[in-house]
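The values are calculated or read from the model by the stated rules, or taken from the named source; none is laboratory data. It should be emphasised that the depicted structure is a prediction, and the values quoted were computed from it without experimental measurement. We place every Cβ from the backbone using ideal geometry, glycine too, and count neighbours over all the protein chains shown.
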Amino acid sequence: MREYPRRRVVAALRGQLFSLRNQVRAGRWALDEFQQRLHEVPRQVREGLQVQLAPSLRRVINATGVVLHTNLGRAPLSPAAIDRMREVASGYSNLEFDLSTNVRGRRDVHAQHFLKQLLQVDVALVVNNCAAAVLLALNSLAEGGEVIVSRGELVEIGGSFRVPDIMRKSGAQLHEVGTTNRTRLSDYVCAIRPQTKLILRVHRSNFRMVGFAEQPPLEELARLAHKNHLPLMEDLGSGCLVDLSSLGIRGEPTVASSLKAGVDVITFSGDKLLGGPQAGILIGKKKYFPAIQTNPLYRALRVDKLTLAALEATLNAYLHENERNSIPSLSMIFEPLERVESRAREWISRANRELGENLSLSMETKKGVSVIGGGSTPGQEIPTCLIALHSKIYSARALESCLRHHEIPILARVEGDRVLLDLRTVRKDEEEEIIRAIGSLGDRTHAKAQSRQGKQDTQSKSFLRSK
Ligand SMILES: *Cc1c(COP(=O)(O)O)cnc(C)c1O
């Protein structure tokens, strides 16, 4: 326990002794049982300290096959992005310093330099996330006025981002037009009034509308906006820069196509299909940006140097036309089915070799699907090859729970009486850890069976419940 400060050890020890004393007072134990409890105190103190001093944000292994899993931190960063973050973080940088003129500089310039080249735009700004980008743009361009939005686009994105709510917070008045399923250009035409400040298009990034549905093409909306001297803004959400059609994925708009259609201000995320750090990116036509850049909200929503470092490295991969190889989320999305399949087969034979038959676990490959997730390509899937685990001892729920309670938590799907692992979202060097986790299953049952009482056991019992 030398690794812990004395003060903490003493406090933890006092806590344990306090509860022990209370149990004795209540007359719960015979003497020999009390002595046994006393022996356990050092271990309990150590475990207690471990829990207290463990970081709450932990690395996990994502075997769910959801590539941009919002609950699991969306896009994993590329090695280049991590190198740049380390380099910038470990010392000083020219974050707001102009090295050529020796005066104070602006932090806007950093990722802007790459975004402008990549997307052929006049201006680009980076803020904390896409929700912040939308709030900032609406507040800068439409505060005190009206914003026209189709009723079919008043969407909610996970984590309580709702278009009407953001609109209210921005100080702009929402002017809804059309119906849930159909909005025509004429609906927009009728809604334009002197107090109209902006037309907003929101990408339906996490659901699909099928059947009797209609919305005007972006080009027509842009033409209408410009005829009335209004900006057209589009909240794209994902901000896809690559063509996904080779995967059979249709309808995910690219940033380039929105620019081509004539949209004036576009907002998208840094950590969705772009594959970089959490960030919100605003791009578009120059004339709309002074209002955004001088808004005090921009200062409040700005990003730190680490985000800029990671974002620059991510964008650089696109500029080198190397994004599919170097950006992890894109490599996962584009990994051919045959590769996932052969990885799954190899994994199973390695697991069988290393674990033997003692777990009475059957492992086989199974056809399935991965999804991109993270508010993109709703309802569309990528064929994958799953590993299906089935145990004669544990229920699928118990097996899943064991994996989730592993030292490096492993997250998997459960389907019926099987646990499904999708290696598409698992890094090659993480594969071994899953085998280790399954291997420790036997040990853990044994260990838990030895200590049957106490608070911890109610937890462990539920996660190790047999069928
Ligand atoms: C995801 C998404 C957002 C929010 O993006 P964050 O980067 O998570 O803040 C906003 N709008 C749309 C359309 C989205 O898909």
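A few remarks follow.
- Any hit, region 409-421, residues being modelled with pLDDT of 95 or more and under 25 Å from Val45 (Cβ atoms): yes
- Residue list for region 204-243, filter: more than 16 Å from the ligand (Cβ to nearest atom) and assigned to a strand (DSSP E or B): Glu214
- Residues located in region 148-201, provided they are loosely packed, with under 14 Cβ neighbours inside 10 Å, of a type in the set (S, T, N, Q), farther than 21 Å from Val263 by Cα and away from the ligand (no atom under 14 Å from the Cβ): Thr180
- Checked across region 105-117, the condition of being among the polar types (S, T, N, Q), more than 16 Å from the ligand (Cβ to nearest atom), in contact with a Leu (Cβ under 8 Å, 6 or more places away or on another chain) and closer than 26 Å to Glu323 by Cα holds for at least one residue.
- Candidates Gly356, Gly375 - the one that is within 30 Å of Asp243 (Cβ to Cβ) and at pLDDT below 95: Gly375
- Residue match in region 340-351 (condition: closer than 25 Å to Asp243 by Cβ and assigned to a loop (DSSP other than H, G, I, E, B)): no
- Residue count, region 276-303 (criterion: within 13 Å of the ligand (Cβ to nearest atom), touching a helix residue (DSSP H, G or I) at 6+ places or on another chain (Cβ under 6 Å) and part of a loop (DSSP other than H, G, I, E, B)): 4
- Only one of Ala313, Ala344, Ala300, Ala291 that is touching a Ser or Thr at 6+ places or on another chain (Cβ under 7 Å) and either surrounded by fewer than 23 Cβ atoms within 10 Å (Cβ to Cβ) or within 21 Å of Leu138 (Cβ to Cβ) (or both): Ala291
- One residue stands out in region 92-117 among those that are surrounded by fewer than 18 Cβ atoms within 10 Å (Cβ to Cβ) and among the hydrophobic types (A, V, I, L, M, F, W, C): the one that is farthest from Leu259 (Cα to Cα), namely Val103.
- Ser342 being in contact (Cβ under 8 Å) with a residue 40 or more places away in the chain, more than 27 Å from Gly159 (Cβ to Cβ) and not aromatic (Phe, Trp, Tyr): no
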